[in-house]
Amino acid sequence: MDTQRTILAVVLSVIVLLLFEWLAPHPKPAPKNTPTAATQSVQSPAAAPVSSAAAPASPVSPVPTAANLPVGTGPSVAFETPLYTGKIYLQGGDIQNLGLRKYPIAVDNPAPYPILDSSAARLTAQQSGFVAADGQVLHPQFSAPASVTPGAPITLSGQAGPLRVEKTFSFAPHNYVVTEDIRVTNTGTEPWQGSYFDQILRNDRTQSHWFMSIFTGAVLMHNGNLSEKSFSDLRDHPQQDVGPGWAGMTDHYFLQAVLPEPHAAVQLYARPEAGNYVAGVQQALPTLQPGQSFTLRQQLFLGPKQQELLASMGRGLEQTVDYGWFAIVAEPMHGVLKWFHSWTGNWGLAIILLVIAVKVIFFYPSAISYRSMANMRKLQPKLEQLKKECGDDRQKLGAKMMELYRTEKVNPMAGCLPIIIQMPVFIALYWVLVESVSLRQAPFILWIHDLAVPDPYYILPLLMGISMFLQQRLNPAPMDPVQKKIMSILPVAFGVFFSFFPAGLVLYWLTNNVVSIGQQYLITRHVMKEG
């Protein structure tokens, strides 16, 4: 086996690994259990306080179907915070239109990205309400507050059957967490028992970026284990669990999640509803005697999947950033990439510096590979002579080649292992570049205004193909005519293949090739001078 066959096998292995990462399910790392500050409290102006421990642990009443809950109808309260612009609808008291002010829709569209949207085309909305023990749905009707101060908490007051409800939304100024305080008072003459539900409703739109696997669907954290349920999975296998956890919807870059207190025994669910899909949390409330009150606190995460921010919450939300099989390599690599960005202020330059850092780490294994190729290139005339002497007798040719390798002390496989060692690093970096929301709409230079989408003019894929061609010129020419044709096609094939990939990933490949060409040229020239 010669070096060209080895290189061809490694290149094909890279393609197979990319396709495998695209098609195969990805394991999730073990979560870290860290408590948060969510609390429950109970107040009763006319009777003894109702303890949160008094909430029944038995399964709660079924959640009503989404078809019975309003979406984007009736009067609403508009609000703005440093991070959000949105509307809370008075019928239900839910956020059903919400834009992220720091995340434009597109490079050429500065409007805030609609992480919640009540329109039919982009339907993603919050829904909440009460379910009585007899299954009756109580959907609160609120009154508008007298005034709304930008960034300040918003309190709505309303009625849901015998329940008086006060719902307060508090917006964190520097992260994407919305805290909900729901105070319920039984104004009726009979005891009331039931549950409160909060869910995310979404239509079945999915995201596709050609060869990239992008999960879109429901996510549920149950007893520390995260499960991802695509819309097709939910159609066949709706999910329901009872225990501590949270639930929500996720796509490529953004997450909408309902977060009850960490140790609450809630019901988590995800299922199809009325042509759409819901993922949410339902929590049993204690029996409320006439005049008694109960306050439930929970949080909503409505924002980008910034890994550090998600991890800081201590709820395992960072696991929604899917780095695939090589997450153990990808996570520290993402940290290094952010560190370089803190120096340069440019994600493209950060990618270039990351490539250089990886090449420095693998300098010695790469040197072994390039030296092996250079030695094979020195033997090229002798190998051609053997081919002429042996003619079509491949068995004799193979034996003569192995004898020549032993005589010249050349190992044709020496160039294979170092490349294989580096493959997990490449795959890990691939997922870092694909999954990182930081690269969304991140400009580089000149015509590259978004490193997360393909090069609009295909310049980077063209340069990458040229760099592959130049790199091949430094390698020994294949002896087999079929291999020679395949190797000559590879630069064109990879140029076309990568024209559909994010510009950031193509920039990585191009930089890697350029640095490799420099290292290989120096080593090859040194070996050839040794005679």
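The values are calculated or read from the model by the stated rules, or taken from the named source; none is laboratory data. Here the structure is a predicted model, which means the values were calculated and not measured. Glycine gets a Cβ as well: all are built from the backbone with ideal geometry, and neighbour counts include every protein chain shown.
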**Prompt:** Any chance the range 217-234 includes a residue that's outside any strand (DSSP E or B) and among the small types (Gly, Ala, Ser)?
**Reply:** yes
**Request:** Test PRO272 against the criterion of being of a type outside the set (Phe, Trp, Tyr) and assigned to a loop (DSSP other than H, G, I, E, B), and give yes or no.
**Result:** no
**Request:** Considering only the range 428-471, state which residues are touching an Asp or Glu at 6+ places or on another chain (Cβ under 9 Å) and among the acidic types (Asp, Glu).
**Result:** GLU435
**Message:** Here are the criteria: (1) part of a strand (DSSP E or B); (2) within 34 Å of the chain's Cα centre (by Cα); (3) more than 22 Å from SER118 (Cα to Cα). Tell me which single one ARG164 does not satisfy.
**Reply:** (2)
**Prompt:** All but one of (1) within 28 Å of PRO162 (Cβ to Cβ); (2) at pLDDT 95 or above hold for LEU302; which doesn't?
**Reply:** (1)
**Item:** Residues of the range 118-137 that turn out to be crowded, with 20+ Cβ neighbours inside 10 Å and in a strand (DSSP E or B), as a count
**Value:** 8
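Matching residues to (1) surrounded by fewer than 24 Cβ atoms within 10 Å (Cβ to Cβ); (2) without any contact (Cβ under 8 Å) to a residue 12 or more places away in the chain; (3) in contact with a Pro (Cβ under 7 Å, 6 or more places away or on another chain):
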residue: ASN203; (1), (2), (3): yes, no, no
residue: ASN225; (1), (2), (3): yes, no, no
residue: HIS237; (1), (2), (3): yes, yes, no
residue: VAL242; (1), (2), (3): yes, no, yes
residue: GLY245; (1), (2), (3): no, no, no
residue: LEU259; (1), (2), (3): no, no, no
residue: GLN267; (1), (2), (3): yes, no, yes
residue: GLU273; (1), (2), (3): yes, no, no
residue: GLN282; (1), (2), (3): no, no, no
**Prompt:** Going through the range 190-225 one residue at a time, which ones are modelled with pLDDT under 90 and hydrophobic (A, V, I, L, M, F, W, C)?
**Reply:** TRP210, PHE211, MET212, ILE214, PHE215
**Request:** State which residue pairs qualify: first residue within 16 Å of LEU446 (Cα to Cα) and inside the range 340-351, second residue modelled with pLDDT of 90 or more and not hydrophobic (A, V, I, L, M, F, W, C) in any location, beta carbons under 6 Å apart, and separation of 6 or more residues or different chains.
**Result:** TRP347/HIS341
**Asked** Which residues, counting only those in the range 323-355, are on the phi > 0 side of the Ramachandran plot and surrounded by 15 or more Cβ atoms within 10 Å (Cβ to Cβ)?
**Response** GLY324
**Prompt:** Does LEU310 satisfy the condition of being surrounded by fewer than 24 Cβ atoms within 10 Å (Cβ to Cβ), under 27 Å from PRO424 (Cβ atoms), at pLDDT 90 or above and out of contact with any strand residue (DSSP E or B) (no Cβ under 6 Å at 6 or more places or on another chain)?
**Reply:** yes
**Message:** I'd like to check something: does the range 68-87 contain any residue that is in contact (Cβ under 8 Å) with a residue 40 or more places away in the chain, under 30 Å from HIS449 (Cβ atoms) and exposed (fewer than 14 other Cβ atoms within 10 Å of the Cβ)?
**Reply:** yes
**Message:** Looking at the range 451-474 only, could you name the residues that are of a type outside the set (Val, Ile, Thr) and surrounded by fewer than 20 Cβ atoms within 10 Å (Cβ to Cβ)?
**Reply:** PRO454, PRO456, TYR457, TYR458, LEU462, LEU463, PHE469, LEU470, GLN471, GLN472, ARG473, LEU474
**Request:** Could you check GLY243 against (1) closer than 26 Å to GLY93 by Cβ; (2) over 21 Å from the mean Cα position of the chain (by Cα) and say which number it fails?
**Result:** (1)
**Message:** If I filter the range 491-501 for residues that are modelled with pLDDT under 80, crowded, with 16+ Cβ neighbours inside 10 Å and not acidic (Asp, Glu), do I get at least one hit?
**Reply:** no
**Prompt:** For ALA111, are the conditions met, namely being in a strand (DSSP E or B), loosely packed, with under 14 Cβ neighbours inside 10 Å, assigned by TED's automatic domain parsing to the domain that holds SER195 and not aromatic (Phe, Trp, Tyr)?
**Reply:** yes
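Conditions tested, residue by residue: (1) touching an Asp or Glu at 6+ places or on another chain (Cβ under 6 Å); (2) farther than 30 Å from PHE254 by Cα; (3) modelled with pLDDT under 80.
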| site | (1), (2), (3) |
| --- | --- |
| HIS341 | no, no, no |
| GLY348 | no, no, no |
| PHE363 | no, yes, yes |
| MET373 | no, yes, yes |
| GLU384 | no, yes, yes |
| LYS387 | no, yes, yes |
| GLN422 | no, yes, yes |
| PHE426 | no, no, yes |
**Message:** I'm checking my understanding of the structure. Among residues of the range 138-155 that are farther than 22 Å from ALA257 by Cβ and aliphatic (A, V, I, L, M), which one is surrounded by the most Cβ atoms within 10 Å (Cβ to Cβ)?
**Reply:** LEU138
**Message:** From the list HIS252, HIS174, exactly one residue is within 27 Å of ILE427 (Cβ to Cβ), in a loop (DSSP other than H, G, I, E, B), not assigned by TED's automatic domain parsing to the domain that holds VAL496 and not basic (Lys, Arg). Which is it?
**Reply:** HIS252
